[in-house]
1. Does region A:187-197 contain any residue that is part of a helix (DSSP H, G or I) and either in contact with a strand residue (DSSP E or B) (Cβ under 7 Å, 6 or more places away or on another chain) or open to solvent by less than 20 Å² (accessible area, probe 1.4 Å) (or both)?
2. With the condition kept exactly as written, say whether any residue in region A:68-78 is without any contact (Cβ under 8 Å) to a residue 60 or more places away in the chain, open to solvent by less than 10 Å² (accessible area, probe 1.4 Å) and more than 14 Å from chain B (Cβ to nearest Cβ).
3. With the checklist (1) within 30 Å of residue A:166 (Cβ to Cβ); (2) surrounded by fewer than 16 Cβ atoms within 10 Å (Cβ to Cβ) in hand, flag the one item residue A:305 doesn't pass.
4. Note down all Cβ pairs under 9 Å where the first residue falls in region B:178-189 and is free of Cβ contacts under 8 Å to residues at least 12 places away in the same chain, the second is assigned to a strand (DSSP E or B) and among the basic types (Lys, Arg), and they're at least six residues apart or on different chains.
5. So which of A:174, A:159, A:183 ends up being part of a loop (DSSP other than H, G, I, E, B) and open to solvent by 10 Å² or more (accessible area, probe 1.4 Å)?
6. Which one of these is of a type outside the set (A, V, I, L, M), at pLDDT 95 or above, within 22 Å of residue A:122 (Cα to Cα) and open to solvent by 50 Å² or more (accessible area, probe 1.4 Å): B:34, B:30?
7. State which residue is nearest to the chain's Cα centre (by Cα) when the search covers only region B:164-188 and only residues that are part of a loop (DSSP other than H, G, I, E, B) and within 13 Å of ligand 2 (Cβ to nearest atom).
8. Of all residues in region A:42-54, which are in contact (Cβ under 8 Å) with a residue 24 or more places away in the chain and more than 8 Å from chain B (Cβ to nearest Cβ)?
Amino acid sequence: MRTTYREAVRMALREALARDPRVFLMGEDVGRYGGTYAVSRGLLEEFGPERVRDTPLSESTFVGAGIGAAMAGMRPIVEVMTVNFSLLCLDQIVNNAALLRHMSGGQVAVPLVIRMATGAGRQVAAQHSHSLEGWYAHIPGIKVVAPATIEDARGMLAAALADPDPVLVFEHAALYGLEGELAEDAGPVDIARAAVRRPGRDVSLVAYGGTLGKALAAAEALAREGVEAEVLDLRVLRPLDVEAILASVRRTRRAVVVDEGWRTGSLSAEVSARIMEGAFYDLDAPVARVCSAEVPIPYPRHLEEAALPQPEAIAAAARRLVGHG
Amino acid sequence: MSEPGTAAVPSREHGLALLSDMLRIRRLEERCAELYGQGKIRGFLHLYIGEEAVATGAMRALRPEDAIVATYREHGHALLRGVPAAALMAEMFGKATGCSRGRGGSMHLFDAGRRFYGGNAIVAGGLPLAVGLALADRLRDERRVTACFFGDGALAEGEFHESLNLAALWRLPVLFLCENNLYAMGTAIERHQAQLDLTLKARGYATAAESVDGMDVLAVEAAARRAAEYVRAGEGPFLLEAKTYRFRAHSAYDPELYRPKEEVERWKQRDPIPALEATLRAAGLLADEDVAGIEREAAREVEEAVAFAEASPWEPVEDLLRDVYATPEGRGGGAP
Ligand SMILES: Cc1ncc(C[n+]2csc(CCOP(=O)(O)OP(=O)(O)O)c2C)c(N)n1
Ligand SMILES: [Mg+2]
């Protein structure tokens with residue numbers, strides 16, 4: 001069937017609410033407004049205000065309440081409008097959700113799912129555009145996933161809900177309108193493995209979330225020049241599927257890591273270090289990175305575009321590695 | 001709420017000035033909406049249309065040395081603070097001549113020279129900044145007010161409560177101005193606040209408070225003057241609530257599923273601009289030529305601003321990394 005990323009997330013939410021009475025959705029404007037990105041439109045009408053709960057603008061408290069409800073055995077799905085606003089509930093996520101199992105000596109579980117939008121590309125300026133999922137991927141005790149395809153938008157939620165630990169789902173805001181085919185019987189997918197989205201033998205382009213499409217576009221351009229790029233979609237940012245990364249690099253002997261986060265202290269730094277630790281002698285060239293420029297995302301279109309990883313920059317980095325640059 | 005009609009009829013000159021201020025905001029924003037449709041202004045655009053009496057009345061109580069902190073719905077506040085319409089429009093276009101060099105856009109208008117400290121798009125993010133600006137004044141014995149505008153949605157954030165408490169505890173000169181337009185995006189205030197009487201919230205923090213009809217610019221001005229005097233006299237912070245209404249969608253992406261059209265129409269009957277016109281006409285203070293003159297001036301200001309923004313240059317891409325730190329690489333110097 002023809003659908004969108006947005007509708008795929010909605011299908012997953014609807015199915016979760018229908019299947020498990022412990023599941024409820026809460027967040028700012030998820031109900032009457034229909035969701036900031038129109039993801040949850042119609043769910044309030046279908047499931048009622050007890051299970052689709054509009055919250056006040058109190059990120060710290062409603063996320064904390066989600067943690068508490070999860071401790072008590074519910075399966076809350078908490079929506080935080082964007083990762084930028086999640087900084088108001090960072091304390092609850094990092095000091096409670098991530099730590100409770102360990103601090104309690106394994107007695108307390110937090111089977112919570114937190115969804116949030118991330119990323120730039122819509123000219124909404126610095127306080128609405130950042131990609132901070134790499135920060136969350138630093139924290140033991142939480143899992144971090146980034147659906148980049150319609151199948152994953154449809155299938156990751158069920159796996160996240162089935163997980164006994166807190167899972168953060170990062171939906172890139174520029175992907176909601178993405179259109180594509182989805183199998184009628186599409187269902188849950190794993191949240192354990194990275195996926196090769198395009199095989200190739202000359203260079204590995206490692207990407208996730210909003211940068212997957214850009215890496216695929218770069219691979220397309222490279223193919224026209226006779227360079228076969230493999231595109232690896234990380235899918236899960238914590239715990240990283242290091243085996244898949246190393247296997248790809250061993251095939252291609254070169255890697256470009258693409259990350260919408262800033263380069264310094266980023267997820268791309270982690271991926272690069274893992275390659276260095278695990279496949280150093282398989283490499284024909286140093287790992288390259290294409291990240292956001294070290295600047296808050298500016299408003300004007302030309303500067304925003306210049307600040308973000310773009311297919312041309314990814315292709316150029318790959319060309320340099322294969323000696324075509 | 002202050003009694004209706006407690007605000008005396010203003011002088012002709014003053015009445016015309018208030019009318020002009022509100023119309024300047026209204027016409028500027030109507031043009032912004034058009035420009036948004038044409039793709040000249042992009043990103044988010046939050047219009048203040050319907051709420052103009054609040055900023056207009058409140059600004060009259062402030063002096064040039066006072067500081068202002070606002071939200072992402074701040075075009076009117078910036079304009080009345082004296083940010084030239086041209087610099088404001090250029091900012092919305094993202095041009096290098098904008099009041100924030102084009103980096104911020106509609107939600108992040110700044111003019112530090114006029115002590116206009118933004119333009120904050122994190123709900124309640126500005127309140128602690130206002131507390132700090134006021135603290136600096138206190139520490140330096142400056143008799144200035146910091147006016148902090150925020151929406152009803154901010155009432156639910158911890159920062160609102162923490163800021164009121166701290167400002168009251170330290171008796172800081174902050175005028176907290178809640179623009180209660182009854183909605184935080186699609187969530188009506190009854191669905192996000194357990195206590196709807198904001199003066200009671202303030203009382204919980206030992207803070208003086210008053211509630212005023214935000215559709216009546218004269219009432220807002222009178223209340224803001226009382227509040228600002230109190231704050232300036234060193235009595236501590238003050239919470240002024242202006243009850244108002246946003247006529248347009250929250251932003252351009254909002255399909256407005258959450259409020260009935262009749263409700264919007266009912267509030268439009270209370271449009272603060274015709275209301276002031278009616279008051280002035282009834283008092284014999286306003287003639288048709290006056291309105292025509294104000295409209296002409298407002299239209300000229302807007303068109304000049306648009307022309308300036310159109311003609312202004314884009315910032316060169318080579319400058320992408322500027323203004324992240326004081327020095328280009330942000331490397332620290334030696335020990336001072
Ligand atoms: C901390 C935070 N949470 C959520 C948002 C998204 N958001 C932007 S405006 C808004 C509504 C705010 O309503 P209110 O404070 O009443 O101001 P109004 O828009 O009505 O002027 C929301 C939820 C945000 N910008 N910041
Ligand atoms: Mg509001």
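1. If we filter region A:187-197 for residues that are part of a helix (DSSP H, G or I), which is where we start, we get none.
No, there is no match, as no residue in region A:187-197 is part of a helix (DSSP H, G or I) and either in contact with a strand residue (DSSP E or B) (Cβ under 7 Å, 6 or more places away or on another chain) or open to solvent by less than 20 Å² (accessible area, probe 1.4 Å) (or both).
2. There is at least one residue in region A:68-78 that is without any contact (Cβ under 8 Å) to a residue 60 or more places away in the chain, open to solvent by less than 10 Å² (accessible area, probe 1.4 Å) and more than 14 Å from chain B (Cβ to nearest Cβ).
3. Looking at each condition in turn, residue A:305 falls short on (1).
4. If the second residue must be assigned to a strand (DSSP E or B) and among the basic types (Lys, Arg), no pairs are left.
5. Values: A:174 fails: part of a loop (DSSP other than H, G, I, E, B); A:159 fails: part of a loop (DSSP other than H, G, I, E, B).
None of the others qualify; the one that does is A:183.
6. Answer to the selection: B:34.
7. So, considering only residues that are part of a loop (DSSP other than H, G, I, E, B) and within 13 Å of ligand 2 (Cβ to nearest atom), the one nearest to the chain's Cα centre (by Cα) is B:181.
8. In the first step, residues of region A:42-54 are kept if they are in contact (Cβ under 8 Å) with a residue 24 or more places away in the chain; the result is A:42-43, A:46-47, A:50-54.
Across region A:42-54, the qualifying residues are A:42, A:43, A:46, A:47, A:50, A:51, A:52, A:53.
The values are calculated or read from the model by the stated rules, or taken from the named source; none is laboratory data. Keep in mind the model is a prediction, meaning the values are calculated, not measured. Neighbour counts are summed over all protein chains in view; Cβ atoms, including those assigned to glycine, are modelled from backbone coordinates with ideal geometry. Please note that ligands, DNA and RNA were not included when accessible areas were found on the heavy atoms of the full protein model with its side chains. Shrake-Rupley method; radii C 1.70, N 1.55, O 1.52, S 1.80 Å.
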